[in-house]
Structure formats: structure tokens, C-alpha cells
Amino acid sequence: MATTEPGDGRRRILRTAGALAVSDARGVGRDPLLRWLIGYPIALALLLRWGVPALAGPVEARFGIALLDYGVLVTSAMVELLPVLVGMVVGFLLLDERDDRTLAALQVTPLGLNGYLAYRVALPMVVSVVMTVIAVPLVGLARTDLGPLLVIALGAAPLAPLFALFLAAFAGNKVEGFALTKASGMLFVPPVIAYFVAPPWQWLFGVVPTYGPLKAFWTQQGVGWAAGPSPGAGGYIVPLAIGLVLQVALLRWLLRRVRRSVVM
């Protein structure tokens, strides 16, 4: 009677995950929208890098607003935008796989449904961190020390699987996915408003999952109302940790919803 070594099971799981990664790359390559989303962060970072300084003079002359004084706010928008863009790509891949009944078939593979969902959570987080560390410094409107930026990128990374699972849980197809994507754009507004609100009222915006990483970035930079008691010296960890608690709670809830929808 043949026996199965533990290492054989791990190798089969790794091969299945590798096959999924190849399938993801092909899926992105076939879809013009998803290809565009992959290159969009770098293009946007460069646009901000050159566009904001170019507009600063005319805007200040006409409206009296010094755009360059808000470089930290503009840069922080990338911290929340990048994970959401990655999540959008993965979310549409999930919708495709659900339409093709790939999710149901995965339950009998060595990876299993739980392993597949773990892959779908881990992959966008890794891609999100890499893209954030590369794209945010390209904006060039705020100081971006690698150590704090990496920590903040890790704290914002769960936003990527959050958005992907949100689409998978609530969108019936790609058309509904596009509609939900547009509606979820409202999540970007509260943190921007919070930037101009004095503590302790600013913390009311903490119920929005995109707030924690931005608050951490502002605190680390030591700007305006956002400055904590020890900006740049670890004070940014507190809002980041609070944001992570909310993100993990939402992730657990969405994972249960997606798992039930596949099993049913």
C-alpha cells in the first residue's frame, strides 16, 4: 500500500498555487482593463510628481491655495489607492472564476477551498506592499523613509483582499462589480475630510477601513491636525494597529460570506 509523505502534500499544494498564479497572469494579460490597472499606479505617481508642482503656481495665484503645502495629503492618497486597485484586479479575477465554476472545482484539489482563499488573501497583500513601496516615493511630494513606509504599506495591505472579497461577496457579475467599484469610491472621501478635522473628532472617521493607514502616514510625517504625540518616532503605529483590527474583522466576515456562497 503506497504511503503519502507530508512533503508530497506540500509540493502538490505549491504546484496548485503556482498553477493559479500562472492562470492569474494569463487572465490579467487577456483583459485590457486589468492590464491598464496594473500600470496605472506608476503612471499616476509620475503624473502627481510633475503635475502638482506645475499647477501649484496658477492655483495659488487664482485661488490662494498653496498646493505644495498639501503634498503629504496627496501622497497619502496613494497609500489607500494602491491596495484598492490591486484588490479590484483580484476581485474581477474572482468573479471570472466563479462564473466558470472554478471555485467549486477547487474544493477537490490539494489546495482546497480554504487554501485557495488563503492564496487569494496573501497574493494581493504581497503585490500591494511591493507596489506601495515602489510607487509612493515616485510621487516626490513628501518625505518617504523606507522603514516607516514599509510598515505603513504592510498595515494598508489588507485593504487589497478586502476589496477583492467585497466584489466576490456582493457582485453577481462583472457589470455589478463595476457598479460596486464606483460606489466604493466614497470610501476615499472620509479620510480626506478627516485631514482637516481636529482631534478627538477626527477619530470618528476610524470606522472607515481606509482611514487607519492614512492617519498613520500623516502622523509619521507630523503634519497639521494629524500629528501625534511622537510623529516619526513610532507614534504612527497606534492608528495603524487600530486600522488593522478593523480590517481583520471585516476580512473574517467577508471570508465567511464568500465561503458560504461557494459551498451552497
Report, in whole Å, the centroid distance computed from the Cα atoms of region 22-90 and region 123-169.
13
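Suppose accessible area is computed on protein heavy atoms with a 1.4 Å probe; arrange Arg257, Arg101 from highest to lowest.
Ranking Arg257, Arg101 by accessible area, largest first, yields Arg101, Arg257.
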Accessible area (Å², per residue) of the chain, counting only protein heavy atoms and a probe of 1.4 Å
50
Which whole-number percentage describes the relative contact order of region 121-264, with Cα contacts under 8 Å and a sequence gap of 6 or more?
25
Length-normalised contact order of the chain in % [C-alpha pairs under 8 Å, at least 6 apart]
21
Taking only Cα atoms, what is the 0 to 90° angle, nearest 10, from helix 32-63's long axis to the longest principal axis of the chain?
10
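Taking the Cα centre of the chain as origin, sum charge times position over the Cβ atoms of Lys and Arg (+1) and Asp and Glu (-1), and report the length of that vector in debye to the nearest 20.
Details: 21 positive and 13 negative charges, 114 e Å.
The dipole magnitude comes to about 540 debye.
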Tell me which chymotrypsin sites (Phe, Trp or Tyr not before Pro) from region 145-254 have a DSSP coil assignment and no more than 14 other beta carbons within 10 Å of their own.
Phe196
Whole-Hz couplings from phi, Karplus 6.51/-1.76/1.60, listed for region 250-256; x for Gly and Pro:
5, 4, 4, 5, 5, 4, 5
In what sequence, highest mean first, do 89-97, 130-138, 53-61 appear when ranked by Cβ atoms within 10 angstrom?
89-97, 130-138, 53-61
Roughly how many Å² of Val22 are accessible to a 1.4 Å probe, to the nearest 10?
70
Quick check: at a probe of 1.4 Å, how many percent of the accessible area of the chain sits on carbon and sulfur atoms?
69
Among Pro190, Leu95, Leu162, flag the residue with its Cα farthest along the positive direction of the charge dipole of the chain, charges on Cβ as +1 for Lys/Arg and -1 for Asp/Glu.
Leu95
For Gly235, the residues 5 or more places away or on another chain with a placed amide H closer than 5 Å to its own amide H are Ser230
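The values are calculated or read from the model by the stated rules, or taken from the named source; none is laboratory data. Predicted, not measured: the structure shown is a model, and the values here were computed from it. Note: ideal-geometry Cβ built from the backbone for every residue, glycine included; neighbour counts use all protein chains shown. Accessible surface is based on the protein model in full, side chains and every heavy atom, while ligands, DNA and RNA are left aside. Shrake-Rupley method; radii C 1.70, N 1.55, O 1.52, S 1.80 Å.
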